[in-house]
1. How big is the accessible area of Leu145 in square angstrom, nearest 10, if you roll a 1.4 angstrom probe over the protein chains?
2. At 0.36 nm per residue, and after removing the present C-alpha to C-alpha distance, how many nm does the segment from Leu63 to Glu32 gain when stretched out fully?
3. How high is the FRET efficiency from Leu145 to Glu11, r the C-beta distance, R0 25 Å, rounded to 0.05?
4. Test of understanding: what is the full-extension gain from Arg104 to Ala184, defined as 0.36 nm times their sequence separation minus their Cα-Cα distance?
5. Can you list residues whose amide H is under 5 Å from Leu63's amide H, if they're 5+ apart or on another chain and H is modeled 1.01 Å from N?
6. Among the GluC sites (Glu not before Pro) within segment 124-164, which fall in a DSSP loop and have no more than 10 other Cβ atoms within 10 Å of their own Cβ?
7. Run the reach check for Lys57 against aspartates and glutamates, Cα to Cα strictly under 18 Å, same-chain hits fewer than 8 apart removed. What comes back?
8. What residues qualify as long-range amide H neighbours of Val106, i.e. H under 5 Å apart, gap of 5 or more or another chain, H built at 1.01 Å from N?
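The values are calculated or read from the model by the stated rules, or taken from the named source; none is laboratory data. Not measured: the values here are computed from a predicted model. Cβ sites come from the backbone with ideal geometry, for glycine too, and all protein chains shown count toward neighbours. The area values use the complete protein model at the heavy-atom level, side chains included, leaving out ligands, DNA and RNA. Shrake-Rupley method; radii C 1.70, N 1.55, O 1.52, S 1.80 Å.
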Amino acid sequence: MEYISGATLSEKAGSGALPEADVISLGKQAAEALDAAHEQGIVHRDLKPGNIMVTQKGLLKVLDFGLAKLLQPSGPADRTLSFTGSTGLTGTIPYMAPEQLDGREVDARTDIHALGAILYELATGKKPFPQETTSEVMQAILHRLPELPRSLGAPISEGLERIILKCLEKEPGDRYASAKDLVADLS
């Protein structure tokens with residue numbers, strides 16, 4: 001594995017909320033990295049702050065594709081890529097999308113949900129589903145809405161809050177259709 005000098009997003013977020021400009025910059029870079037992976041038919045499935053490094057020059061690197069899956073078209077004319085047939089939960093629960101927890105098909109929008117959870121954490125200094133036990137976190141991801149970032153005192157605009165919450169939608173169809181669309185809104 002390549003040696004990367006820098007800090008993980010876990011380390012960056014450890015001291016609390018980041019300024020909006022930093023959240024947007026890091027979010028755009030992460031979404032661009034996801035877009036590149038998704039264009040190759042790869043879904044990360046374990047995107048979390050500990051798997052994202054920021055180099056000393058400010059370049060973001062998405063790491064640890066150990067749980068990634070190569071997606072296959074569901075039909076000859078269907079360009080939507082999806083993965084089925086997972087055996088058990090795969091990922092880190094606080095960053096998992098509802099469809100991962102339910103054992104449903106995953107696709108690029110699954111990674112977008114995880115990135116939304118990361119952006120929420122960068123903007124607020126807190127996880128979107130801060131419950132204490134694993135089962136409570138899973139239930140919250142499946143059935144509850146996160147608190148609005150600005151209601152927690154996050155110094156972000158309504159626009160960034162709207163982007164983060166769209167990433168965290170429960171149904172994949174309500175999220176960004178692609179990481180490229182997320183990059184466009186962050187821009």
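1. About 150 Å², ignoring ligands and nucleic acids.
2. Numbers: separation 31, 0.36 × 31 = 11.16 nm, distance 1.37 nm.
Using 0.36 nm per residue and subtracting the Cα-Cα distance, I get 9.8 nm.
3. Working: r = 28 Å, r/R0 = 1.13.
The pair Leu145/Glu11 has a calculated efficiency of 0.30.
4. Numbers: separation 80, 0.36 × 80 = 28.80 nm, distance 2.77 nm.
The Arg104-Ala184 span can extend by a further 26.0 nm.
5. For Leu63, the qualifying residues are Ile52, Met53.
6. Working: sites: Glu132, Glu136, Glu147, Glu158, Glu161; in loops: Glu132, Glu147.
Qualifying residues, ordered by number: Glu132.
7. Glu2, Glu11, Asp22, Glu32
8. For Val106, the qualifying residues are Phe83.
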